[in-house]
Structures are given as C-alpha cells and as structure tokens.
1. Which of the residues belonging to segment 239-278 are closer than 19 Å to ALA220 by Cβ and out of contact with any Asp or Glu (no Cβ under 9 Å at 6 or more places or on another chain)?
2. What's the number of the only condition in (1) surrounded by fewer than 20 Cβ atoms within 10 Å (Cβ to Cβ); (2) within 21 Å of the chain's Cα centre (by Cα); (3) assigned to a loop (DSSP other than H, G, I, E, B); (4) not small (Gly, Ala, Ser) that ILE56 fails to meet?
3. If you take the residues of segment 288-309 that are assigned to a helix (DSSP H, G or I) and charged (D, E, K, R), which of them is farthest from the chain's Cα centre (by Cα)?
4. For residues that are surrounded by 21 or more Cβ atoms within 10 Å (Cβ to Cβ) and in contact with a Cys (Cβ under 7 Å, 6 or more places away or on another chain), scanning just segment 274-296, find the one that is nearest to VAL249 (Cα to Cα).
5. What are the pairs, 6+ residues apart or on separate chains, where a residue within segment 215-239 that is at positive phi has its Cβ under 6 Å from a residue that is surrounded by fewer than 24 Cβ atoms within 10 Å (Cβ to Cβ) and among the charged types (D, E, K, R)?
6. Select, from PRO274, PRO286, the only residue that is closer than 18 Å to PHE28 by Cα and modelled with pLDDT of 95 or more.
7. Given the conditions (1) without any contact (Cβ under 8 Å) to a residue 60 or more places away in the chain; (2) crowded, with 18+ Cβ neighbours inside 10 Å, and given that ARG321 satisfies all but one, which numbered condition is not satisfied?
Amino acid sequence: MPYMACTVPEPESLLPPLRVLIAAPRGFCAGVDRAIQIVELALERFGAPVFVRHEIVHNRFVVERLRGLGAIFVDELDEVPDDRPVVFSAHGVPKSVPAAAEMRKLAYVDATCPLVSKVHRQAQRLIEEGRHILFIGHSGHPEVIGTFGQVPAGSITLIETVEDVASLGIPDGCSLAFLTQTTLSVDDTKAIVEALKARFPSIRAPRSEDICYATSNRQAAVKAIAAECDRMLVIGAPNSSNSLRLAEVAERMGVPARLIERAADIDWEWFGEPRTVGITAGASAPEVLVREVVDALRRCFDVHEEEADHSPERMTFKLPRELVSGHAA
C-alpha cells in the first residue's frame, strides 16, 4: 500500500507511478491576497499586536503565520483594547461592527473583499427600491451574516436549496430581487436561480454574476481535469465555502475527492494507488501547501507532475488608503 511506501523509503524505481495533474488557477485569489497584505501592513504601520475580528481568511496555516507576526484573532469587537487597531475579515461584517468601532474611536481597517462589498451595495440599493431580497447562501457563513447586516431586519430571506424556493411564503404583490453568496457552487446556484425565476417571473436579477471570478475559475479548472483523474485532493479549510464546493464539483463528475488542510491529512488507505490524481487549492490556501502535498506524494510514488493549461488571473484590488498613505481610519 502507498502508506507503507511512505513509512519505508524505497528506491524510486520500486515506487508505483503516479501522474499528478495540478489544476490552474488555484489557491490565493486577489481578495485573499489583499486581506493578508492588509494585516501585514497594519502590523508595520501600528506595530504588534494588531487585532483581527474573526479569521482574516479561512485557512489555519495563514492565520497561524499572521499570529506569529503579531496578529491577535478575536470573535467580537469588545475583545479589542481601546488603544489597539482592528482589522475586519475578508468575508465582510454587518454595518453595526464599524459603527461600534467608531463609537469607541478604535482605529480600524476593513479588509472585506471588494466583490463582497459590491454585493453589500447591491443589497442596499434593492432595499431603497422597496424590494425584498432572496439571498442564496449558507446559513451561518460570515459572508451571509455580513450581508444580512447591511439591511434592515426582515428585509432579506435566506435560500439554501431548490426546495427552499418551493416553500417560500411570499405575500402577493411583493417586489422581489435575489443576490448570492460569492463562494457558492456555480451549478447549485444555477439550479436555485432557475427555480426562483420559474416561481417568480418578475424577480429582479443582479446586473452581473455575483459568484466571484476566482470561485468560478477554480471550479472550471477542476472540471477541466476531472475526467483524467482517479482521485482529487482539494487543499483548503473545512470551513472554507469555496474549497468545499471544489470537492463537490469533482464528486459530481464521478471523481472521489477529499478536502485536506495539508499533507498530513491525506488518508492513504482511501487514496490507494491511482494512476492520476488531481490537486487543487481553495482561494484561501497558499501555494506552499500545494508543494507540501506534492512532496508527500513523491515519498509514496514515482511522481510525474503536470500543470493544467490555463489563462492566468490578472485581477488585483487596491489597498486601503489609510495603510498606503499613512492615515489611520
């Protein structure tokens, strides 16, 4: 078994061959890269410690590295001392959070992904138009909590499944619109959107697709290689929505897939001896973890590594002025 090959080093010629097909694009997106830079710049600007409300992104490796630099991660704003700055996570926060920070005169930096902020602005405009919002997302996810916190209570309803659409109790004559969480499965969202439009033909759709470019691109990259793979390893955190969706995409295409945080999480008994394994990484997973997994496979197999053809992502987001210009929030 491969597990034995890992524990007892063998000459390369005795190891079973393995084609490792690495999806591209994968790993960090522009929003995650920006959020991490914001914490690093805040540490340079203010000195340690800098407090961060919730995980800056959903990845333990990233969080632990930033913690080692002097970041302190907290659940709520009342855990932040009056004299220290705080960074809000990439997933976005309810309006009440920056309002509470301003009331306490805390220095704060908002690391919300600009694509999530776009959804927040859309939600506010729709409410101003007198519409009730049906929001496609996952209950309890920080992005969903943040978006709900942009509008008055009761003006937005969560939709998680196609079945939810059928059971909705919407008063006659109610003007409706829908929005979506940015990190969902493209396929799942398509089915729910079709159900919404079938039941509510006049529902207002977003002007542009809310599922972010990085989520869409990473799912497309998995689909592009899945047909050639016997197994798929998705590197990402168990609470990372976009990483979970990548594993689901592979499974739907008939490829057994596992979500792992890093190489130590590989289940070698499940892994077996495939001919080809696909590897991808969620938008919060650094490339160093991809290399770690490939190195672990090299200890078990005679690895032949390939990267899938792709069009590189060139999206970048501006950093907050208060960090690049030297002015605090």
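The values are calculated or read from the model by the stated rules, or taken from the named source; none is laboratory data. Just so it is clear, the model here is predicted, and its values are computed rather than measured. Here the Cβ positions follow ideal geometry from the backbone for every residue, glycine too, while neighbour counts run over all protein chains shown.
1. SER240, ASN242, SER243, LEU244, LEU246, ALA247, ALA250, GLU251, MET253, GLY254
2. Checking ILE56 against (1) surrounded by fewer than 20 Cβ atoms within 10 Å (Cβ to Cβ); (2) within 21 Å of the chain's Cα centre (by Cα); (3) assigned to a loop (DSSP other than H, G, I, E, B); (4) not small (Gly, Ala, Ser), the one that fails is (1).
3. Residues of segment 288-309 that are assigned to a helix (DSSP H, G or I), as a first pass: 288-298.
The next check asks that each one be charged (D, E, K, R); those that pass are 291-292, 295, 298.
On the way: ARG291: 20, GLU292: 21, ASP295: 25, ARG298: 28 Å.
The selected residue is ARG298.
4. Checked segment 274-296; the qualifying residue nearest to VAL249 (Cα to Cα) is GLY278.
5. Here the result reads none, with nothing in segment 215-239 linked to a residue that is surrounded by fewer than 24 Cβ atoms within 10 Å (Cβ to Cβ) and among the charged types (D, E, K, R).
6. On the way: PRO274 fails: closer than 18 Å to PHE28 by Cα.
Matching residue, one of PRO274, PRO286: PRO286.
7. Status for ARG321: all satisfied but (2).
Results for (1) under 28 Å from ASP188 (Cα atoms); (2) of a type in the set (Val, Ile, Thr); (3) touching a helix residue (DSSP H, G or I) at 6+ places or on another chain (Cβ under 9 Å); (4) not assigned by TED's automatic domain parsing to the domain that holds VAL50, shown as yes or no for each residue.
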{"site": "LEU244", "(1), (2), (3), (4)": "yes, no, no, yes"}
{"site": "ARG258", "(1), (2), (3), (4)": "yes, no, yes, yes"}
{"site": "ALA264", "(1), (2), (3), (4)": "no, no, yes, yes"}
{"site": "GLU269", "(1), (2), (3), (4)": "no, no, yes, yes"}
{"site": "ARG275", "(1), (2), (3), (4)": "no, no, no, yes"}
{"site": "GLY282", "(1), (2), (3), (4)": "yes, no, yes, yes"}
{"site": "VAL293", "(1), (2), (3), (4)": "no, yes, yes, yes"}
{"site": "PRO320", "(1), (2), (3), (4)": "no, no, yes, yes"}
{"site": "LEU323", "(1), (2), (3), (4)": "no, no, yes, yes"}
